[in-house]
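All remarks here apply to the structure that follows.
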Amino acid sequence: MARSNKPIVWGPFAAGGTLTAFLTPALILLTLLAALGHAPDLLAYERLHAVASHWLAKLVIVGIVFLSLWSAAHRLRITLYDLGMRADALVATVVYLIAVAGTLAAIVYLLRI
């Protein structure tokens, strides 16, 4: 039986999709509340900065960013394939490199905190 690399791609895709599905509505609601001036005290800049300064929080944030970007990249890859773009190797390389670049940017910015 031939070995497949699909679990390497589909595992983070599924985890990122699930994570994004749960977190995105909550983030939209909290952003809307903050924009209207009704943000809870827990979302004050000083508190969020203190949380993001901890190494474990940085690791969690990087994990969330990576899984969300990987899920989006994989979804875009499959969508482009369904729309007729058959250069799958090129598309896969580009979208996954963008996901990795976004993750590296998150790491750089988090290390500055």
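Structure values in brief
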{"item": "Pairs, first on the phi > 0 side of the Ramachandran plot and β-branched (Val, Ile, Thr) in the stretch 61-77, second assigned to a helix (DSSP H, G or I) and at pLDDT 90 or above, C-beta under 9 Å, six or more apart", "result": "none"}
{"item": "Test for residue 16: is it more than 18 Å from residue 99 (Cβ to Cβ) and either touching a Phe, Trp or Tyr at 6+ places or on another chain (Cβ under 9 Å) or not in a helix (DSSP H, G or I) (or both)", "result": "no"}
{"item": "Residue ID - modelled with the lowest pLDDT, chosen from residues in the stretch 39-69 that are aromatic (Phe, Trp, Tyr) and loosely packed, with under 12 Cβ neighbours inside 10 Å", "result": "45"}
{"item": "Criterion: within 26 Å of residue 15 (Cβ to Cβ) and of a type outside the set (Asp, Glu) - qualifying residue of 36, 59, 32", "result": "59"}
{"item": "Cβ-Cβ under 7 Å pairs, at least 6 apart or on other chains, the stretch 45-56 side under 12 Å from residue 110 (Cα atoms), far side basic (Lys, Arg) and surrounded by 11 or more Cβ atoms within 10 Å (Cβ to Cβ)", "result": "52/58"}
{"item": "Residue 93, sole failed condition from (1) β-branched (Val, Ile, Thr); (2) at pLDDT below 90; (3) out of contact with any Ser or Thr (no Cβ under 8 Å at 6 or more places or on another chain)", "result": "(2)"}
{"item": "Answer residue from the stretch 70-113, given it is among the aliphatic types (A, V, I, L, M) and not in a helix (DSSP H, G or I) and is surrounded by the fewest Cβ atoms within 10 Å (Cβ to Cβ) among those", "result": "83"}
{"item": "Scan of the stretch 4-29 for residues that are at pLDDT 75 or above and more than 16 Å from residue 67 (Cβ to Cβ), ordered by number", "result": "25, 28, 29"}
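The values are calculated or read from the model by the stated rules, or taken from the named source; none is laboratory data. None of the values given here were measured: they were computed from a predicted structure. Glycine gets a Cβ as well: all are built from the backbone with ideal geometry, and neighbour counts include every protein chain shown.
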